[in-house]
1. Rounded to the nearest 10 degrees, what's the angle between the helix A:322-334 long axis and the longest principal axis of chain A, both from Cα atoms, 0 to 90?
2. Averaged across the residues of B:45-51, what count of C-beta atoms belonging to other chains lies within 10 Å of each residue's C-beta?
3. With an 8 Å cut-off on Cα pairs and a minimum separation of 6 or more residues, tell me the relative contact order of region B:24-122 in percent.
4. Which FRET efficiency value, to the nearest 0.05, is calculated for residue A:435 and residue A:107 with the Förster distance at 45 angstrom and r the Cβ-Cβ distance?
5. How do A:177, A:338 line up, fewest other C-beta atoms within 10 Å first?
6. I want the antiparallel fraction of DSSP beta bridges within the protein assembly as shown, as a percent rounded to 5.
7. With the contact rule set at Cα under 8 Å and sequence spacing of 6 or more, what percent relative contact order holds for chain A?
8. Could you line up A:80, A:406, A:5, A:524 from fewest to most neighbouring Cβ atoms inside 10 Å?
């Protein structure tokens, strides 16, 4: 029995900011203080507030330490764990009420509006210890299905819950399962899409790292529901921590008899294997993913036949995303009514978003469907840094679009996002402020899809490339108004004619920025200006004569010698030589250099 | 694991080790003074004894924690018990032997062990 638990975040975010060193430091400091038997150190999954990492929580007090460095550990041990005095300077500032009172983490702005279902155990349990998962109702849902429900009843419960696929398209999960269940075959498969590839998205990774057993349990339930005895998790090799924890989880589940032959003496067999993807974006598309599991080159194929009819190895297959699975066990345990009580009419439950970009609280948040973008950005995300103005939010990654400031009060759900030209996607949410150029953003995502297009179909392979070239032309100030119309027509052509979801959605970033920020495109084309000051080719650097003191700092810094002038006299920039690197602006102490 | 009963038993056992992480659940806090004076007077075995006793009795709503010098060094080891809605009780000159009785009578049954309290000691 331990009197205190020290939880250290072991998610990818905190690991990259050094949490592994903090764990080692705690272990050695506790050993030195002879507290090894009294205080337990636990490596957990992501707490969500990645911006404040590395994160340490000490129970029973529930003190939330943020931005902890290895040097701070000795102080936490000596003060908090030996003498019982929390180290105030390291506490997350919002939890400190006054000298003696510390607020519970759940009542801080970041956590208060969140509702954690899929992330229930992330940052709460030790993901490498199956018993901690079992303590919090783990594998109870599987046991309930095997002992109390028929497979048909399980499918009905999922159907009644209204759960829709969290990977992006939002197809009803129960319906998908019923199709696969209805097809008779000697072997069926359950697959998990953990090939999270959108730039800026890390929801699935965090679930895998923080609560891997939730995925295992749900896949076994899916197997029972459709009559499959074998499952595959397709995960990208770029997620080493997630892969490792998944391997540990599978081994533990087998050891505890919760996976393998005759689970809980029910006669149901289920086995799971991991397949590593090399990180191709197209392998997140379901048919390409299954082709890749089969050991072939990851390319999509036309549908129908849908995977529920002919999927992996030509057998009926159910393929769901990680977050979708993370909801299953709780729907079984709490009932479909509990789930439908959350969310909007057509989108039930919650959604996890990876908040990134120009936002104070970068991290992972889970909110009920129907929460407005404003609540996510301002209340949970803590607003935009440096007093800048919100310009747009990008959802759905390279397949999604931008939501402009005037639509910030839109309740987020599948249908609302589609209606305004974006999509839910897997849940990346990138916030942009007035310093972001929307043409440049569209170009960024297009560059990504051009690189990731598998090349099997022409509209996607050549169409996205041509689209990218047009965007490049515009950002160089060489575009014409005619190009804008041509671009729009090409967008619709690619959407209508591409083979798979990658090509069908690739033009979305361009279409949505054209729809809401056409004036910015026009500024690039007609005025040859980039209003946000991002597109290099449209910028000019100049020195304001009155402000320049002639200190020569900029001239010495300029790598190409484009700045000339004598000491104590105003300098000038030779725009023909200038490479627009911005070094002079950073150097000038008198704000005498402007870029426009 | 072959049966549902085994899974349930394992859950109950595992949950006990995790109760500490619910910072809302504790309605009773046993706080041991662990400054230099307390440690020198033998606070550590007292703290360990409380932790073990609470674990043995599977008390989910009791947290054992430590604090610095309470200010009455001559009475160390000092233990304070906070229960929601009740006045704080201060036990002084504690030893590990006294722990079981305090847990049984005070923590579980709500009867303060008056003879160990500071009131009885200073009389």
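Only the coordinates and a few stated rules stand behind these numbers; no lab work does. Everything quoted here is computed from the prediction, not taken from an experiment. Cβ placement follows ideal geometry from the backbone for every residue including glycine, while neighbour counts extend to all protein chains displayed.
1. Result, in degrees: 40.
2. On the way: counts 0, 0, 2, 4, 0, 1, 6.
Counting other chains' Cβ atoms within 10 Å and averaging over B:45-51 gives 2.
3. Averaging sequence separation for qualifying contacts and normalising by length gives 32 percent for region B:24-122.
4. Values: r = 33 Å, r/R0 = 0.74.
Result of the calculation: an efficiency of 0.85.
5. In increasing order of surrounding Cβ atoms, one gets A:338, A:177.
6. On the way: 42 of 76 bridges.
Just about 55 percent of them are antiparallel.
7. Relative contact order here is 12 percent.
8. Placing the least packed residue first, the sequence is A:406, A:5, A:80, A:524.
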